[in-house]
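Every number in this text was worked out from the coordinates using simple rules, so none of it is lab data. For clarity, every value in this text was computed on a predicted model and none was experimentally measured. We place every Cβ from the backbone using ideal geometry, glycine too, and count neighbours over all the protein chains shown.
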Amino acid sequence: MRVFFTVLAIAGALLLQSALSMVLPAGARVFDPFLLVLVYCGLSFGETHGMLAGGAAGWVQDSFFGGHVLGLSGLTKVLVGFAVGLAATRFQLTEAGPRMLVLVAAVLVDVLLLGVLGGLFDISVGRPSVSGLALRAAINALLGVVLFELLERRLISKRRP
Amino acid sequence: MNRVETRRSRLLLAGLVLAHLVAISNQVDGGNGASLFQRWALSVFAPLQSGLSGALHGIGSVWTSYADLRGVRRDNRRLDERVRELELQLQEKSQEAAEAHRLREVMAVRDVLPVRTLVAHVLSRDGTPWYRTVTLDSGSEEGVRLDAPVLSSTGVVGRVIARGPHASRVQLLLDQQSGAGARIERSRISGVVSGQPRTSATAGGDLVMKYVPMLSDVVVGDVVVTSGLDRIFPPGLLLGRVRFVKTGAGLFKEILVTPSARFDTLEEVLVVTSLPPDETVVEQLK
């Protein structure tokens, strides 16, 4: 089931990103639904599922929205998914506040790793400004926390008899 | 999460990271038409491949050398045997050639002699120190008669003193008991030639010409031939050359003659089977 819902979530992220890129291109460049999927997987199911979901999400993102080199987002999201899952097994990350911090950190780490990998492989990747990075982190964190909350409430309501 | 799962997840992470790095590197152009991954792989694995190739080449060389060495050893044995065979053949051919040469010489002499002869081979030489004899492979069945003169291509050898059906014994001129009527060719002085007594002082390789008067004209270098007066040897056959002449206190000269026949290398000889009734002079053997 986990895998199915993860695949479903990645497909939803793909659709959402595609829709955003057509309707609101500036928003599509800031919002990262794939990152939200892997963070949620990491928080909910641990490091293994987090990194696998991250890898899959990253490859899909690279395939549809990436440059000529595939795998950069895949690698960054594998690492981010693993780190989030690892953090979830060691810390209490069920409240909105810590999750927001995790999301902010995930966005920063994702962008940072992308820059590092770009430099390592001599690939030109867009370097967002500090304000752009902050905006990206903020938007993704806020939307992520909201989406996570909604999703969990729905799941909890489904589990209740 | 237990420790096993943690380890598994970290291994998985490492594997994923590595796979991603390879995938990314494979897409990045590393220059010279090769991807970055290919360049990394080449730079990392080329020395290993080189080392492996060198090791394999070395092993191959050692194996090839070993195989070659075995082959060389086998060839060496084969060639060694072949060389021995060829050496034997060569030796046989050389002997045959030498024999043919000797026989040609003997036959050349035989052709010019006015007497009938047969060719005989020397089977053995003198076995005792007191007598100088050789044994021939021809006897009475082949026409050899007692006292028959025996000649070589270079001069008189001796006479038959015993004979069997297919072998005969020849007394050499070197034997001190032998004797042949001789003549100094230049001055026509006659005498008797025989072997020297075999003492420690004399080597026994020379002949002695006896009964030559003191006043006779004999000088070193004179040719000595058979005189025919002994009724054994035909006249005019070469006996040797005067090597030493001494005028002593007696009636006769002391004359040493170097024999013309090479007694130490005798192998084929001519045995005279019949003498012409009124033989006078035979062409001198050179």
- Query: Taking the protein assembly as shown, how much of its Cα-Cα pair set, in percent, is spaced more than 28 angstrom apart?
  - Reply: 69 percent
- Item | Difference of contour (0.36 nm per residue) and Cα-Cα distance, residue B:113 to residue B:244 | 44.2 nm
- Message: Given R₀ = 51 Å, what would the calculated FRET efficiency be for residue A:154 paired with residue B:48, taking r from the Cβ atoms and rounding to 0.05?
- Response: 0.35
- Query: Comparing A:51, A:100, A:22, which has the greatest mean-square fluctuation in the GNM of chain A with Cα pairs linked when under 10 Å apart?
  - Reply: A:22
- Enter the Cα centre distance for the pair the range A:68-104 and the range B:120-187, rounded to the nearest angstrom. 127 Å
- Can you find, among B:212, B:62, B:101, the residue farthest towards the positive end of the dipole of the range B:62-220? Put +1 on the C-beta of Lys and Arg, -1 on that of Asp and Glu. B:212
- Query: Among B:233, B:244, B:263, which one shows the biggest mean-square fluctuation in a GNM of chain B, springs joining Cα atoms closer than 10 Å?
  - Reply: B:244
- Query: Once both axes come from the Cα atoms, what is the angle between helix A:130-159 and the longest principal axis of chain A, in degrees from 0 to 90, rounded to 10?
  - Reply: 30 degrees
- Message: Between residue A:3 and residue B:64, what's the calculated FRET efficiency when r is the beta-carbon distance and R0 is 51 Å? Round to 0.05.
- Response: 0.35
- Selected from A:111, A:45, A:97, residue furthest toward positive end of dipole (the range A:31-143; charges at beta carbon): A:97
- Would you mind working out the magnitude of the charge dipole of the protein assembly as shown relative to its Cα centre, with +1 at each Lys and Arg C-beta and -1 at each Asp and Glu C-beta, to the nearest 20 Debye? 2160 debye
- In a Gaussian network model of chain A with springs linking alpha carbons closer than 10 Å, the residue among A:117, A:86, A:150 that fluctuates most is A:150
- Computed P(r) (all Cα pairs; chain A; 10 Å bins; percent): 11, 42, 37, 9, 1, 0
- Query: Once you charge only the Cβ atoms, +1 for Lys and Arg and -1 for Asp and Glu, what is the size of the charge dipole of the range B:86-166 about its Cα centre, to the nearest 20 debye?
  - Reply: 340 debye
- Ordered by packing density, taken as the mean number of other Cβ atoms within 10 Å over each peptide's residues, highest first, how do B:247-254, B:144-151 rank? B:144-151, B:247-254
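Ignoring everything except DSSP H segments at least 4 long, calculate the 222 nm mean residue ellipticity for chain B; use -39,500 (n - 2.57) per segment, divide by total residues, nearest 500.
Details: 2 runs with 102 residues, N = 286.
Theoretical 222 nm ellipticity from helices: -13500 deg cm²/dmol.
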- Query: If you take the charge dipole of the protein assembly as shown about its Cα centre, with +1 on Lys and Arg Cβ and -1 on Asp and Glu Cβ, which of B:25, A:134, B:256 is farthest toward its positive end?
  - Reply: A:134
- Query: Where does helix B:3-27 land angle-wise versus the long Cα axis of chain B, in degrees 0 to 90, nearest 10?
  - Reply: 70 degrees
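To the nearest 20 debye, what is the magnitude of the charge dipole of chain B about its Cα centre, counting +1 on the Cβ of each Lys and Arg and -1 on the Cβ of each Asp and Glu?
Dipole magnitude for chain B comes out near 1300 debye.
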- Query: How far is helix B:36-112 tilted, in degrees, relative to the longest principal axis of the Cα atoms in chain B, given as a value from 0 to 90 rounded to the nearest 10?
  - Reply: 10 degrees
- Message: 7 Å from Cα along Cα→Cβ at both residue B:229 and residue B:97: what's the point-to-point distance in nm?
- Response: 4.7 nm
- Query: Taking a quarter of the surface of the convex hull around the Cα atoms of the range A:65-113, what do you get in nm²?
  - Reply: 3.7 nm²
